[in-house]
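These notes concern the structure reproduced below.
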Amino acid sequence: MPIQFDVDPPVAQLASATAEFVREVVIPAERECGGSVHDAPEALREALQKGAREAGVFAPHVPRRWGGHGLDLRGQAVVFEAAGHSLLGPLALNCAAPDEGNMHLLEKVATEEQKQKYLRPLAAGESRSCFAMTEPAPGAGADPRSLRTTATRVPGGWRIDGRKWFITGAEGAGFAIVMARTSGSPGDPAGATMFLVDAGTPGMRTVRTIETLDESLFAGHSEIVFEECVVGEGQVLGAVDRGFDGAQVRLGPARLTHCMRWLGAARRAQDVALERAGSRTAFGSVLGDLGMVQQMLADSEIDIEASRALILRTAWELDTGATAASHLTSVSKTFVAEAVNRVVDRAVQICGALGISAADAPLARLLREVRPFRIYDGPSETHRFAIARRAVRPYRQPRTGAADGS
């Protein structure tokens with residue numbers, strides 16, 4: 001099957017409308033709050049999403065059944081990049097993490113009853129959610145097999161006990177998707193189960209909001225404790241002991257949609273750098289005529305174009321169910337996360353003092369926001385480990401006594 005990267009006219013129109021909405025409505029709102037929405041009121045989110053509905057760009061990723069545009073991942077790549085031009089663009093379109101990934105997971109895994117209760121209001125922007133996977137050391141982090149939160153059978157359901165942290169959007173969320181171990185021990189590659197836990201369920205409490213380098217993810221990142229938190233049998237999401245498999249349904253596409261959104265931020269940074277390079281005079285010439293500046297600008301254009309091509313290729317693989325999708329998702333996440341950082345960092349360098357001024361340009365806050373991307377959804381080192389392991393697998397020779405030196 002030939003790879004198709006052509007953008008359908010309706011998708012191109014939606015991307016254009018998104019870019020205009022972000023430029024006219026969202027960026028002014030971002031400037032007003034400085035891009036920080038960790039403590040922002042729900043009224044801000046509701047106002048931005050109301051504007052997105054009125055502009056006809058709300059929920060591009062959501063299936064039409066639930067009120068969205070029903071774009072596949074290739075379509076999402078174009079629109080999400082346009083939304084990511086502002087730190088608050090994805091929030092306005094209701095395609096920000098973690099809700100966007102949770103919507104996809106619920107659509108693929110949830111029962112019809114669960115979809116009506118959780119997916120429908122989430123897709124409409126009437127509620128928010130979080131995904132409670134990561135734990136403090138020595139619990140689950142880059143290695144999810146280290147999962148230590150447990151879920152034990154009790155009459156009529158399950159009792160959840162454990163501690164989670166860096167849970168994005170937990171404060172004020174209507175529900176959490178919680179990963180807990182239902183069999184085995186930490187280190188085992190199976191035995192996890194996902195649970196839907198409603199806000200206000202006894203035994204689930206937020207103990208703190210964590211101050212972080214990034215500030216653009218709504219409601220920030222929280223630490224949550226589960227102590228004898230009992231949920232019913234109907235709160236199991238997917239199959240018991242198959243939670244890691246279910247999480248992969250979410251994590252693969254979610255890693256790629258992160259790339260799409262952050263590529264929009266990189267493009268914005270590059271546009272700022274280009275404008276500065278074309279207007280600022282130094283050493284008797286505009287910056288854009290100086291060789292070292294030209295090299296930085298060219299390298300950023302290369303990083304952006306390569307990132308976009310890799311995202312589209314991976315999106316095609318995921319859309320068509322190709323076997324290389326998992327491998328390319330890791331490749332995309334690693335390359336794009338680092339490329340975005342390079343682009344923003346170069347833009348800061350080109351703009352000099354303007355680049356580090358929080359009041360006069362967006363670059364300082366973009367630099368803060370993109371740095372954690374190299375850690376979230378798996379650090380680059382973890383993905384490189386997986387990429388190399390897959391690459392060498394076809395070439396691995398059976399070990400023999402002679403080869404062992406025995």
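Miscellaneous remarks
- The single residue among LEU196, LEU213 that is open to solvent by 10 Å² or more (accessible area, probe 1.4 Å) and aliphatic (A, V, I, L, M) turns out to be LEU213.
- Test: residue in segment 59-73 that is under 29 Å from THR329 (Cβ atoms), of a type in the set (Phe, Trp, Tyr) and not in a loop (DSSP other than H, G, I, E, B): yes
- With respect to the conditions (1) at pLDDT 95 or above; (2) crowded, with 21+ Cβ neighbours inside 10 Å; (3) within 22 Å of TYR376 (Cβ to Cβ), ARG208 lacks only one, and its number is (2).
- Test: residue in segment 10-21 that is more than 29 Å from ALA361 (Cα to Cα) and in contact with a Leu (Cβ under 8 Å, 6 or more places away or on another chain): yes
- Of ARG313, ARG365, ARG308, ARG371, all but one fail to be touching a residue at least 12 places away in the same chain (Cβ under 8 Å) and within 21 Å of ARG390 (Cα to Cα); the exception is ARG313.
- Checking each residue of segment 279-288 against the condition of being in contact with a strand residue (DSSP E or B) (Cβ under 9 Å, 6 or more places away or on another chain) and outside any helix (DSSP H, G or I) gives at least one match.
- Some residue of segment 142-162 being open to solvent by less than 30 Å² (accessible area, probe 1.4 Å) and either touching a Leu at 6+ places or on another chain (Cβ under 8 Å) or farther than 16 Å from MET194 by Cα (or both): no
- Residues (of a type in the set (Val, Ile, Thr) and at pLDDT 95 or above) located in segment 282-323: VAL286, VAL293, ILE302, ILE304, ILE311, THR314
- Qualifying residue in segment 84-106 (condition: touching a residue at least 40 places away in the same chain (Cβ under 8 Å) and either of a type in the set (Val, Ile, Thr) or farther than 30 Å from ILE311 by Cα (or both)): no
- Screening ALA59 against (1) open to solvent by less than 10 Å² (accessible area, probe 1.4 Å); (2) at negative phi leaves a single unmet condition, (2).
- Condition met for ARG384 (farther than 28 Å from ARG23 by Cβ and either crowded, with 17+ Cβ neighbours inside 10 Å or among the basic types (Lys, Arg) (or both)): yes
- Within segment 216-234, the set of residues being crowded, with 20+ Cβ neighbours inside 10 Å, more than 21 Å from GLY184 (Cβ to Cβ) and not aliphatic (A, V, I, L, M) comprises SER216, PHE218, GLY220, HIS221, SER222.
- Flag if VAL78 is among the β-branched types (Val, Ile, Thr), in contact with a helix residue (DSSP H, G or I) (Cβ under 8 Å, 6 or more places away or on another chain) and either open to solvent by 10 Å² or more (accessible area, probe 1.4 Å) or under 21 Å from VAL25 (Cα atoms) (or both): yes
- Any chance ALA353 is touching a residue at least 40 places away in the same chain (Cβ under 8 Å) and of a type in the set (A, V, I, L, M, F, W, C): no
Here's the yes/no breakdown for (1) surrounded by 21 or more Cβ atoms within 10 Å (Cβ to Cβ); (2) more than 30 Å from LEU147 (Cβ to Cβ); (3) small (Gly, Ala, Ser):
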residue	(1), (2), (3)
ASP241	no, no, no
ASP245	no, no, no
PRO253	yes, no, no
MET260	yes, no, no
ALA273	yes, yes, yes
PHE283	no, yes, no
ASP289	no, yes, no
VAL293	yes, yes, no
ALA315	yes, no, yes
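- Among residues of segment 355-379 being surrounded by fewer than 16 Cβ atoms within 10 Å (Cβ to Cβ) and of a type in the set (A, V, I, L, M, F, W, C), the one that is farthest from SER330 (Cα to Cα) is ALA359.
- Residue match in segment 330-349 (condition: of a type outside the set (Val, Ile, Thr) and not in a helix (DSSP H, G or I)): no
- Of the residues in segment 22-39, not one is closer than 28 Å to ALA247 by Cβ, out of contact with any Leu (no Cβ under 7 Å at 6 or more places or on another chain) and in a helix (DSSP H, G or I).
- Those residues of segment 86-112 which are surrounded by fewer than 24 Cβ atoms within 10 Å (Cβ to Cβ) and either under 13 Å from the mean Cα position of the chain (by Cα) or not in a helix (DSSP H, G or I) (or both), in sequence order: ALA97, HIS104, ALA110, THR111
- Residues in segment 342-364 that are among the small types (Gly, Ala, Ser) and either modelled with pLDDT of 95 or more or more than 15 Å from LEU87 (Cβ to Cβ) (or both): ALA347, GLY352, ALA353, GLY355, SER357, ALA359, ALA364.
- The residues of segment 17-56 that are within 25 Å of VAL272 (Cα to Cα) and open to solvent by 60 Å² or more (accessible area, probe 1.4 Å), listed by number, are GLU20, ARG23, GLU24, VAL25, ARG31, GLU32.
The values are calculated or read from the model by the stated rules, or taken from the named source; none is laboratory data. These numbers were taken from a predicted model, which means no experiment stands behind them. Neighbour counts are summed over all protein chains in view; Cβ atoms, including those assigned to glycine, are modelled from backbone coordinates with ideal geometry. Heads up: the accessible areas ignore ligands, DNA and RNA and are worked out on the full protein's heavy atoms, side chains in. Shrake-Rupley method; radii C 1.70, N 1.55, O 1.52, S 1.80 Å.
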